[in-house]
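See structure below.
Every read-out reported here was derived from the displayed coordinates using simple, explicitly stated rules and does not represent laboratory data. All values reported here derive from a predicted model rather than from experimental measurement. So basically every Cβ, Gly included, is an ideal-geometry build from the backbone, and we count neighbours across all protein chains shown.
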Amino acid sequence: MKTLVIHPKDSSTTFLDILYAPIEDKTVITGGITKNELLKMMEEYDRIMMMGHGSPGGLFGVGQFPNSGAYIIDQIAVSMLKTKKNNVFIWCNADQFVDRYGLSGFYSGMFISEVVEATYCGLPGTKQEMVDESNYGFVNITSKHINEETDVLYENVTKEYGILAENNPVALYNYNRLYKF
């Protein structure tokens with residue numbers, strides 16, 4: 001499966017690199033191209049993986065894509081994304097984006113990846129070690145199954161990450177916000 005990974009360069013999300021490392025036939029885009037160039041490029045791939053920081057409106061470009069505005073993936077990309085299967089959407093509130101536009105794949109809701117997000121989401125006093133355990137647990141588990149179809153990916157990730165969630169409140173919060181469609 002030919003995969004395009006869109007992961008805007010940002011030091012706070014570098015741990016996500018582990019997630020797609022096992023994919024052999026992939027191109028990783030971290031910035032440096034326009035939104036129109038990216039949309040054209042998306043046509044050539046079977047699966048699109050998008051990850052980093054975002055909102056219900058899409059995946060933030062975090063200043064890495066010239067003239068793209070706040071988002072590198074937004075409603076403009078929807079028609080292209082609807083033609084793809086087994087997509088992966090990992091950013092805060094990606095579920096609202098995916099659900100609004102009827103997209104398919106493996107995706108997250110609000111996803112705690114930083115201590116400040118834990119506090120915002122009702123987990124005050126969360127230590128960095130707990131966030132790191134959740135982050136690295138999630139990407140290591142997901143990377144083992146990333147080459148599987150969406151249903152199998154979801155089933156295996158939720159089963160294994162669920163074990164971590166039994167003793168880690170951050171992982172539990174995130175676990176409860178993983179979806180497939």
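At-a-glance table
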quantity	calculated
Sorted by Cβ density within 10 Å, fewest first, the residues VAL170, VAL5, VAL152	VAL152, VAL5, VAL170
Computed label-point distance, nm, for sites SER11 and GLU129 using a 7 Å Cα→Cβ extension	2.4
Efficiency of FRET between ILE18 and ASN167 - r from beta-carbon atoms, R0 25 angstrom, step 0.05	0.75
Region 1-59: GluC sites (Glu not before Pro) in DSSP loop, at most 13 other beta carbons within 10 Å	GLU24, GLU43, GLU44
Order of ARG47, ARG100 - criterion: other Cβ atoms within 10 Å of each residue's Cβ, fewest first	ARG100, ARG47
Alpha carbon convex hull of the chain, volume per residue in cubic angstrom	100
Euclidean distance between Cα centres, region 68-136 to region 1-64, Å	13
Residues ASN67 and TYR179, FRET efficiency given R0 of 35 Å [Cβ-Cβ distance, rounded to 0.05]	0.65
Length added when fully stretched, ASP99-THR83, from 0.36 nm per residue minus Cα-Cα	4.2 nm
